[in-house]
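Asker: Pasting a structure here, questions to come.
We did not get these values from a lab; they are worked out from the coordinates using the rules stated. If you're wondering where the values come from, they're calculated on a predicted model, not measured in any experiment. Ideal geometry is used to build each Cβ from the backbone, glycine not excepted, and the neighbour counts take in all protein chains shown.
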2 protein chains.
Amino acid sequence: MLLIKTGGGKDINWDGVCRDVAEIRATEPVILVHGASVRRDELAARLSVPVRKVVSPSGVSSVYTNAEAMEVFLMAYAGLANKQIVARFQNHGVNAVGLSGVDGRLWQAKAKKEILIVENGKTKLLKDNLSGRVETTNVGLLRILLDHGYLPVVCPPALSFENEIVNTDNDTAAAVMAGELGLERMVYLFEAPGLLRDPNDETSLISRIDRFKIEEFLPFARERMKKKLLGVKRAVDAGVKTVYFGDGRTPNPVKDALAGKGTVIA
Amino acid sequence: MLLIKTGGGKDINWDGVCRDVAEIRATEPVILVHGASVRRDELAARLSVPVRKVVSPSGVSSVYTNAEAMEVFLMAYAGLANKQIVARFQNHGVNAVGLSGVDGRLWQAKAKKEILIVENGKTKLLKDNLSGRVETTNVGLLRILLDHGYLPVVCPPALSFENEIVNTDNDTAAAVMAGELGLERMVYLFEAPGLLRDPNDETSLISRIDRFKIEEFLPFARERMKKKLLGVKRAVDAGVKTVYFGDGRTPNPVKDALAGKGTVIA
């Protein structure tokens, strides 16, 4: 079984992803997790809802989510992006079913109502935050769908243990899911050739990372890439043996990543 | 098995619906279909996307849906309303799974790219319309979820046979689904006590309608109510024996409807 996590960028070659998944599904089940950050930001701008990006004391960036921001999040991720991706898979002959982490308690998260952030050099406490960390997933629901030939197309938000809809880190959630499903391989696709030594130089690709030395490479990972690498570490800790970082913009994004054209963490 | 169709109005007592469904599910499986027209209209206004309501030559109202309107539709129905309803059911201990008609080809529709409308007394042809009529449904997917204890929470849009996302009449889709599932009973909830002789007089309730004489009551049904009654006729033609129209605003909307407090079509 293969879990593919696709970023929410504009230039992801979705037809390529669909073609690759249709081919791979002939030999093994696939689960797809996707983001929609660019769409969320666009919609928030149109609705004049501020997207407040914050940084934790350990340097990890995230988005502060109040009730208004959560509505935008639901619309962009579970409404627009998820259903358009599902329709595209249908067009490639893949019977996809879109699910958010809320559906069937697919992603259950420990709510973090209060978060510490660093702003202008000062540490502050933010309250009323609708976010959380995924701790358990409903792998039973995924297996039912897979057993009947469906492709689960999964996106945030998650559901807290108190049944509130909460924003969550997609990469962490995917890693928890991979661990609970006992997966050996994961693919992360985004708008870069892989992990780069210099984020401004696409030729500075790091081809191979020892899965037990991920922390050594954290200095090369900025912002969202840092979360991805931390997600990979979590996945490895949960038993995943190989993680492929690949370029979502190529003609065959998934097959290229599996062929080791990006960064292989093994 | 019971299929409940809930309108998209603001004053639907969702906690009441959740409580009733939780109780009814102890003895029989339930499927819920919901609208979100008020949210769609609100979002369209915030985004300055016009909602073009049109009337067919036979007097049935619908919404003209171009690509921009479809994005608003997806966000309001499949994103915001569907996931918030699912979370509310979870809060009532019901393991709900939200699905649009696109997911798993749940609702397959024959596209109507061109529609005839009447505007200012003249009949016109509108092109590039993203809507369609649901002809078949994936009852297999519903049965899989029901067999494993999930509550399917279903909303439009549908998927055309050419794999385009299309707007569709919810009431018709629910009727087709009820027919294919071989259901005997359906409940329609909305913001009125039932079918009224005078839509402005809530005491003018029509308590009982012979299911083979639905057409005689069409003159009492305006706009959206007309579509509901036509949906009911379709459901009856497909084998449904009793349809309950009920007030979604009461403390126990589903139980009250099943107790015959609204309009019973039998």
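Asker: Tell me which lysines have Cα within less than 21 Å of A:Lys112's Cα, excluding those fewer than 8 residues away on the same chain?
Answerer: The qualifying lysines are A:Lys53, A:Lys122, A:Lys124, A:Lys127, A:Lys226, A:Lys227, A:Lys228, B:Lys83.
Asker: Chain A: longest stretch without exposed trypsin sites (Lys or Arg not before Pro) (DSSP loop, at most 14 other Cβ within 10 Å), sites themselves excluded?
Answerer: My reading of the result: A:11-126 is the longest stretch.
Asker: Given the protein assembly as shown, what percent of its DSSP beta bridges are antiparallel, to the nearest 5?
Answerer: 40
Asker: Ok, one more. If Lys and Arg each add +1 and Asp and Glu each add -1, what is the summed charge of the other residues whose beta carbon sits under 13 Å from the beta carbon of B:Leu125?
Answerer: +2
Asker: A further question follows. Can you list the distances in nanometres, one decimal and ascending, from the A:Lys213 label point to the identical position in each other copy, with the point 7 Å along Cα to Cβ?
Answerer: 8.6
Asker: Quick one: which residues, 5+ away or cross-chain, put their amide H under 5 Å from the amide H of A:Val30? H built at 1.01 Å from N.
Answerer: Amide H to amide H, under 5 Å and 5 or more residues apart or across chains, A:Val30 pairs with A:Leu2.
Asker: Go ahead and estimate [θ] at 222 nm for the protein assembly as shown from helices alone: -39,500 (n - 2.57) per DSSP H run with n ≥ 4, summed, over the residue count, rounded to 500.
Answerer: Computed ellipticity for the protein assembly as shown at 222 nm equals -9000 deg cm²/dmol.
Asker: Still on this structure, please answer the following. If you filter region B:141-213 for chymotrypsin sites (Phe, Trp or Tyr not before Pro), then keep DSSP loop positions with at most 15 other Cβ within 10 Å, what is left?
Answerer: Hits after loop and neighbour filter: B:Phe161, B:Phe212.
Asker: Just to check I understand the Karplus step: with θ = phi - 60° and J = 6.51 cos²θ - 1.76 cosθ + 1.60, what whole-Hz values come out for region B:250-263, glycine and proline as x?
Answerer: After applying 6.51 cos²θ - 1.76 cosθ + 1.60, I find 7, x, 10, x, 6, 5, 4, 4, 5, 7, x, 7, x, 9 Hz.
Asker: Okay, moving on. Once you average over the residues of B:76-89, how many Cβ atoms of partner chains fall within 10 Å of each Cβ?
Answerer: What the average comes to for B:76-89 is 6.
Asker: In region A:2-265, with Lys and Arg counted as +1 and Asp and Glu as -1 at Cβ, which of these residues, A:Leu32, A:Cys18, A:Ile144, has the Cα nearest the positive end of the dipole, that is, farthest along it?
Answerer: Result: A:Leu32, furthest along the dipole toward the positive end.
Asker: Net charge near B:Val86: determine it from the other residues with C-beta under 10 Å of the C-beta of B:Val86, scoring Lys and Arg +1 and Asp and Glu -1.
Answerer: Once all neighbours under 10 Å are counted, the net charge is +2.
Asker: Taking H as built 1.01 Å from N, whose amide H comes closer than 5 Å to the amide H of A:Leu195, not counting residues under 5 places away?
Answerer: Result for A:Leu195 returns A:Ile206, A:Thr263.
Asker: How far apart, in nm, are two points set 7 Å out from the Cα along the Cα-to-Cβ line at B:Glu28 and at A:Glu223?
Answerer: About 5.5 nm separates the two model spin labels.
Asker: Can you tally the net charge around B:Asn170? Count Lys and Arg as +1, Asp and Glu as -1, for every other residue whose Cβ sits under 11 Å from the Cβ of B:Asn170.
Answerer: +2
Asker: Another question, if that's okay. Residue by residue through region A:67-77, which ³J(HN,Hα) values in whole Hz follow from phi under the Karplus form 6.51 cos²θ - 1.76 cosθ + 1.60 (θ = phi - 60°), with glycine and proline marked x?
Answerer: Per residue, the Karplus-derived 3J(HN,Hα) values read 4, 5, 5, 5, 4, 4, 4, 4, 5, 6, 7 Hz.
Asker: Tell me, what HN-Hα J-couplings in whole Hz come from the Karplus equation 6.51 cos²θ - 1.76 cosθ + 1.60 at θ = phi - 60° for each residue of region A:49-55, using x for Gly and Pro?
Answerer: 9, x, 9, 9, 8, 10, 10
Asker: Only sites in a loop by DSSP and with at most 14 other Cβ atoms within 10 Å count here; which GluC sites (Glu not before Pro) in region B:9-116 make the cut?
Answerer: Within region B:9-116, the qualifying GluC sites (Glu not before Pro) (loop, at most 14 other Cβ atoms within 10 Å) are B:Glu114.
Asker: Sequence-distant or interchain residues sharing an amide H contact under 5 Å with A:Val54, placed H: which?
Answerer: A:Ser62, A:Val63, A:Tyr64
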